[in-house]
Amino acid sequence: MRATSAFTGAALLSGMLAYLLPGAGLAVVTGAVGLAVVGGVFAVRRTAQRRSHLIRVNDDAVALINSGRLREACSTLDALAGEAREDPALHALIAYNRGVATLRMGDAPAALSMLEAVAGSRWLNDPELPYRELLALALSQAYWSLGDPGTARAYLDTARETLSPARAGLTVSMEAVLALSMGQTPLALRVLREGRSAAEGVLVASQLRTLRVLEAFALTRLDPAHEHGDEVRRLLDGARPVQPWDHVGLRSVWPEFDAFCRIHGLEAPGEHRGDRAAWVA
């Protein structure tokens, strides 16, 4: 928009010169038009450079999310959102990432508000972009966290129907969570085991640690005798060392899973027992 304004302003200037200096001839008018074109080019370049900068900062925030530095990511994204308001597509992407970070911090109501606003804007609905499925997955977890498994399942199905086979592993976690929360433990175990290799190809380290804990949790629900067995021990060893914010998005709304994590010493560094505000703040 700024580039367009700069070009329009310079073009109007050339018209004014032609009107005010009718005897100046073609050279003056042509020169003014030339200024309009050059001004427009430089404005477009500045706009492109600014957008490139904002995209790089957004990518940095995503790296912070994936490394568990969620508060830093939220601060970065909040500052970035104000700068990107004139670019609605980029602003929607920033808001999506902010919603994901908020969801991982255990504040599902705030996350859902952000994610629903992004969905309503329709800026991430382009089938050529990878964000439509990611948004559906985030909405699935948000609705499940707020006690609406039916809507969670609908969003999960939407994501699964449109994901390419190479990215099918993205749905494994929510498939397992929904199955476990509905008492379908054998199904959850099958999803986790059959989807393991696909998930390893698309999930980040923190998400893979959560998958291992979910599988251990499912095994103990299937048979409490597994609680201290070799397979559960191996899975939990693979989920260590615990990093900040690991599993908090699930633990903050799932008391049984939270208790399992505490029993097995999977509290995140610096975590305050029983203090949900420490997760959400």
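The values are calculated or read from the model by the stated rules, or taken from the named source; none is laboratory data. Remember, it's a predicted structure, so these values are computed and weren't measured experimentally. With ideal geometry, Cβ positions are generated from the backbone for all residues, glycine too; neighbour counts draw on all protein chains shown.
Quick notes on this one:
- Of all residues in segment 161-183, exactly one satisfies the criterion of being touching a Leu at 6+ places or on another chain (Cβ under 8 Å), free of Cβ contacts under 8 Å to residues at least 24 places away in the same chain and not aliphatic (A, V, I, L, M), namely E175.
- When restricted to residues that are within 19 Å of L178 (Cβ to Cβ) and over 26 Å from the mean Cα position of the chain (by Cα), segment 217-253 contains 5.
- Residues in segment 227-241 that are without any contact (Cβ under 8 Å) to a residue 24 or more places away in the chain and buried (at least 17 other Cβ atoms within 10 Å of the Cβ) were compared, and the one that is nearest to F260 (Cα to Cα) is V232.
- Selection within segment 196-221 - in contact with a Ser or Thr (Cβ under 8 Å, 6 or more places away or on another chain) and over 17 Å from D237 (Cα atoms): A199, L203, R221
- So L54, is it assigned to a helix (DSSP H, G or I), under 14 Å from the mean Cα position of the chain (by Cα), of a type in the set (A, V, I, L, M, F, W, C) and surrounded by 13 or more Cβ atoms within 10 Å (Cβ to Cβ): no
- Scanning segment 114-145 for residues that are touching a residue at least 12 places away in the same chain (Cβ under 8 Å) and surrounded by fewer than 16 Cβ atoms within 10 Å (Cβ to Cβ) yields a total of 5.
- The selection criterion, being under 22 Å from M105 (Cα atoms), aliphatic (A, V, I, L, M) and at pLDDT 95 or above, holds for L250.
- Hits in segment 66-105 (condition: at pLDDT 95 or above and among the polar types (S, T, N, Q)): S75, T76, N97, T102
- Among residues of segment 98-136, those that are in contact with a helix residue (DSSP H, G or I) (Cβ under 6 Å, 6 or more places away or on another chain), part of a helix (DSSP H, G or I) and of a type in the set (S, T, N, Q), counted: 2
- Annotation: P165 fulfils all but one of (1) buried (at least 19 other Cβ atoms within 10 Å of the Cβ); (2) within 24 Å of the chain's Cα centre (by Cα); the unmet one is (1).
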